[in-house]
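Presented below is the structure to which this report refers.
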Amino acid sequence: MEAIDTLINEQFSGVVYMKAEKQVLMESAFGYADRANQRVNTVHTRFGIASGCKLFTAVAICQLVEKGVLSFDTRLEECLDIAFPHFHKDVTIHHLLTHTSGIPDYFDEDVMGDFEDLWKENSMYLLHSGKDFLPLFQNEKMLFQPGEKFYYNNAGCIVLGLIVEQHSGLSFTDYVELNIFKRCGMTESGYFLLNQLPSNTANGYVDHEDGTWSTNIYSLPIKGGADGGAFTTAPNMITFWEALMNRELLSAEYTNLLLHPHVHVKEGVAYGYGIWIGKKEDAIVKYHVMGYDPGVNFHSAFYPKSGMKLAITSNKSSGAFDVMKAVEERFNL
C-alpha cells in the first residue's frame, strides 16, 4: 500500500482511496468529520459528493432507455407531463444528458458567482424534490437552440430526474437507491436530509476569511436529487466504478453509449452521458466525475489503460482536485 501523506496538503480534510483490480493501493483519511467534537474522518466515512452524482442520473435514464421505456431521441414534451412554456419543442433526452439542451438553468454561474447566493431569495429547506426546483427555471426563456453548444446545466438534470419519476413510478432518490446503490452493493450510500444525517457521515464545512467556520446546512438544498447531493463513501464509489465497468448496471451496448464522447468540450476534454472524459491524442485516458458545493469537494475517476479507480471525498470546499493531480503524477496516470 502506498503512503500518500506526503502528497497531501495539511489542510485537506477527507479520504483518498485507490484500487487496481482487487488490490487497494491507497486508503487514507484526514481531518475531522465533526470539528466541534473532534470526530475524525475514517476511510468509511460518508461524504456529500455534489454534482459527482449526475452520473447516477445518467445511468438511471440509460436503464429506462435499455428497457424500451424511452429513447435518447425522445423529445421532452413527449415524456414529461409538465409544461415548460418557453422551451424549444426539439429538446431531447440526449440534449439533457449532454448539457446541450439550451434550457435555462436555476443556477447560472455566469450571473451568480456563489452557489450560496441562490438561497438568499429561496428557502433551501423547502427543496425536497425535483418539482420543488421548477419555479426557479420553468418559465424562463431558452439560452440557445438545442444542440448548439455545451453549457453545463443543473436544471437539465432536474428535468431528467422528473422523467425518471414519471416513467418508473418511484421518487428519483428511491429509484437510484434501489436500482443503482443496492444493485451494485453501495450499502453506505444514499440521499440524506442535511438536518438528519445518519451516523458516520461528515458534516460539510465552509471556512471564512476571518478564520471562523460554519457547517453548510444553510448553503445547500436540504436534500439532494438528480442534479447532485448524494452521500457516499470513497470505497462505495470504487464499488460503483467496478459495477459500471463490469456491465452490471447496464448492458455492454448501453454502457458504451454512456461512456461515448458525445460532445467536445475543450482541448483534451469531452463529455458522455453524465461523465467527463479526458483524452490525449484522441485516446481516452480517464473517465471522471467531480462535485463542488460549499463544504463539499469530490473527484473520482476510472483510468481505462491501467484499470485503476480513484475516489477523493472531502468535507471542505476545495482540495480534492489538488490531491487527484498529485496522485496522477505519482502514478503517471
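We did not get these values from a lab; they are worked out from the coordinates using the rules stated. Fair warning: this is a prediction, and the values are worked out from it, not measured in the lab. No Cβ is skipped: glycine too gets one built from the backbone with ideal geometry, and neighbour counts run over all protein chains shown.
Tell me the label-point distance for the pair Leu193, Lys279, using the 7 Å Cα-to-Cβ offset, in nm and rounded to one decimal.
4.6 nm
Based on the mean of other beta carbon atoms within 10 Å per residue, what is the order of 140-153, 303-316, most packed first?
Going from most to least packed, we get 303-316, 140-153.
Please state the equivalent ellipsoid semi-axes for region 5-331: what are the square roots of 5 times the Cα gyration tensor eigenvalues, largest first, in whole Å?
Here the semi-axes work out to 29, 24, 19 Å.
Going by amide H atoms built from the backbone, whose H comes under 5 Å of the H on Val265, apart from near neighbours?
Ala270, Tyr271
Please list 219-227, 251-259 highest first by mean number of surrounding beta-carbon atoms within 10 Å per residue.
219-227, 251-259
With springs only between Cα atoms under 10 Å apart, run a GNM on the chain and tell me which of Asp73, Asp282, Asp132 wobbles the most.
Fluctuation is largest for Asp282.
To make sure I understand the rule: partners must be lysines, Cα under 21 Å from the Cα of Lys67, and not fewer than 8 residues away in the same chain. Which ones qualify?
Those lysines meeting the cut-off are Lys54, Lys182.
Got a sec to turn the phi values of region 55-65 into Karplus ³J(HN,Hα) couplings, 6.51 cos²θ - 1.76 cosθ + 1.60 with θ = phi - 60°, whole Hz, x for Gly and Pro?
Computed from phi, the couplings for region 55-65 are 5, 5, 4, 5, 4, 4, 5, 4, 4, 5, 5 Hz.
Per-residue HN-Hα couplings for region 190-206, Karplus 6.51 cos²θ - 1.76 cosθ + 1.60 at θ = phi - 60°, whole Hz, x for Gly and Pro?
So the J values, rounded to whole Hz, are x, 9, 10, 5, 4, 8, 9, 5, x, 4, 6, 10, 7, 6, x, 10, 10.
Assuming 0.36 nm per residue, please report the length gained on full extension of the stretch Trp213 to Lys182 beyond their Cα-Cα distance.
7.6 nm
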